[in-house]
Amino acid sequence: MKRLGIIGDPVAHSLSPIFQNAALEAAGIDAHYEAWHTPRADLPARVGSLRDGDVLGANVTIPHKGAVIPLLDGLDPRAALVGAVNTVVQRDGKLTGYNTDGAGFVEALRREAGFEPAGKRVLLLGAGGAARGITFALGQAEASAVHIWNRTPARAERLAEDVHAAGMPAEAVPEASPAGYACIVNCTSVGMEGTGTESESPINLAQAEPGTLAVDIVYRPADTAFLHAAQEAGLPSLGGLPMLIYQGALAFELWTGAPAPVDVMFRAAREALARPAPP
Ligand code: ATR
């Protein structure tokens, strides 16, 4: 049996083992996906262990998406551009890093919300790691404008500069004003379970134009205050689960070469989310 896993700290609450194992089973692939809890000091040894012949690859999550890069043998251009790796593929003892987060986000927009980013104006709330991958992916998908608002403006300015330097549109904005966008994305942790901000939305959506798509990348809880505000304002909306599933589906295809059974992955993840969160 081949092995896969997620490298991070913490990883105990990750949904990836649940939906990746469901996908492997449905596709008839003799492999098992594990949670590989890895404190910073153990990262080099953990990455080294991926060269074993029975390992197909791994996912990488907080806090290792950047730190893993110098430990790999090669980097996909998209991962190099973003400066973060969420997927590692092992072939013949060589490790290659990929980033499927941004592409997973765009795939989720297209497949689950029927939204094509090309030529559209998008407002991103937040400038952390998640916002970074999404900003680059929206640029590559040819969004006409990507405005970034962040609580700490210097981080938004830095992100906009990096994306601009790569020849794509991005601009830091001082206020989160919802008018004039085809899509507004919450890339902050506001609304996430366990943060104390569960009842908050990072923006007032009442002034958004009709038809503006509101997207949250938070998936626990499924109905964040931001999504609730979108529904109150009559706006179409998309929760965080599709992005998680599609980044996993793209990783699955890189490891196995087989098409990902996306419906199976959604079902397994939704069942797990319906159960009470582990302590
Ligand atoms: P991730 O990699 O998941 O994006 P992160 O790098 O910690 O995580 O980024 C979290 C994002 O949520 C940041 O944009 C952060 O804003 P700051 O850069 O100002 O810290 C944002 N965030 C967290 N709590 C927030 C709050 N209460 N109000 C507004 N923004 C918040």
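The values are calculated or read from the model by the stated rules, or taken from the named source; none is laboratory data. Quick caveat, the model's predicted, so the values are computed rather than measured. Backbone-built Cβ (ideal geometry, glycine too); neighbour counts: all protein chains shown. Side chains included, ligands, DNA and RNA excluded: accessible areas come from the protein's heavy atoms. Shrake-Rupley method; radii C 1.70, N 1.55, O 1.52, S 1.80 Å.
Being in a loop (DSSP other than H, G, I, E, B) and hydroxyl-bearing (Ser, Thr, Tyr) is the filter here, so list the residues in the stretch 121-151 that pass it. Give the steps one after another, and end with the answer.
Our first condition is that a residue be in a loop (DSSP other than H, G, I, E, B); within the stretch 121-151, this holds for 126-128, 141-144, 150-151.
144 - this is the single residue of the stretch 121-151 that is in a loop (DSSP other than H, G, I, E, B) and hydroxyl-bearing (Ser, Thr, Tyr).
Exactly one condition in (1) within 18 Å of residue 127 (Cα to Cα); (2) open to solvent by 10 Å² or more (accessible area, probe 1.4 Å); (3) among the small types (Gly, Ala, Ser); (4) part of a helix (DSSP H, G or I) is not met by residue 84; state its number.
All conditions pass for residue 84, except number (4).
For residue 143, all conditions in the list (1) more than 17 Å from the chain's Cα centre (by Cα); (2) modelled with pLDDT under 95; (3) under 17 Å from residue 170 (Cα atoms) hold save one; what is the number of the exception?
Condition (2) is where residue 143 drops out.
What number of residues in the stretch 91-139 are away from the ligand (no atom under 16 Å from the Cβ), closer than 23 Å to residue 162 by Cα and surrounded by fewer than 19 Cβ atoms within 10 Å (Cβ to Cβ)?
So the answer is 3.
Would you pick out the residues in the stretch 72-81 that are open to solvent by 50 Å² or more (accessible area, probe 1.4 Å) and in a helix (DSSP H, G or I)? Walk me through it before giving the result.
Going through the stretch 72-81, the residues open to solvent by 50 Å² or more (accessible area, probe 1.4 Å) turn out to be 73, 75, 77-78, 80-81.
Passing the criteria: 77, 78, 80, 81.
State yes or no: is residue 154 part of a helix (DSSP H, G or I), over 20 Å from residue 17 (Cα atoms) and open to solvent by 10 Å² or more (accessible area, probe 1.4 Å)? Please lay out each step first, then the result.
Values: part of a helix (DSSP H, G or I): yes; over 20 Å from residue 17 (Cα atoms): yes; open to solvent by 10 Å² or more (accessible area, probe 1.4 Å): yes.
Yes: the conditions hold for residue 154.
Taking only the stretch 196-214 into account, find how many residues are within 16 Å of the ligand (Cβ to nearest atom) and among the β-branched types (Val, Ile, Thr).
As a first pass, look at the stretch 196-214 and keep what is within 16 Å of the ligand (Cβ to nearest atom): 196-205.
Still in the running and among the β-branched types (Val, Ile, Thr): 197, 203.
Selection size over the stretch 196-214: 2.
Spot the failing condition for residue 217; the list is (1) away from the ligand (no atom under 12 Å from the Cβ); (2) of a type outside the set (S, T, N, Q); (3) in contact with a helix residue (DSSP H, G or I) (Cβ under 6 Å, 6 or more places away or on another chain), and only one is missed.
Of the numbered conditions (1) away from the ligand (no atom under 12 Å from the Cβ); (2) of a type outside the set (S, T, N, Q); (3) in contact with a helix residue (DSSP H, G or I) (Cβ under 6 Å, 6 or more places away or on another chain), the odd one out for residue 217 is (1).
Checking residue 13 against (1) open to solvent by 60 Å² or more (accessible area, probe 1.4 Å); (2) more than 18 Å from the chain's Cα centre (by Cα); (3) not polar (S, T, N, Q): exactly one of these is not met. Which one?
The single condition residue 13 does not satisfy is (2).
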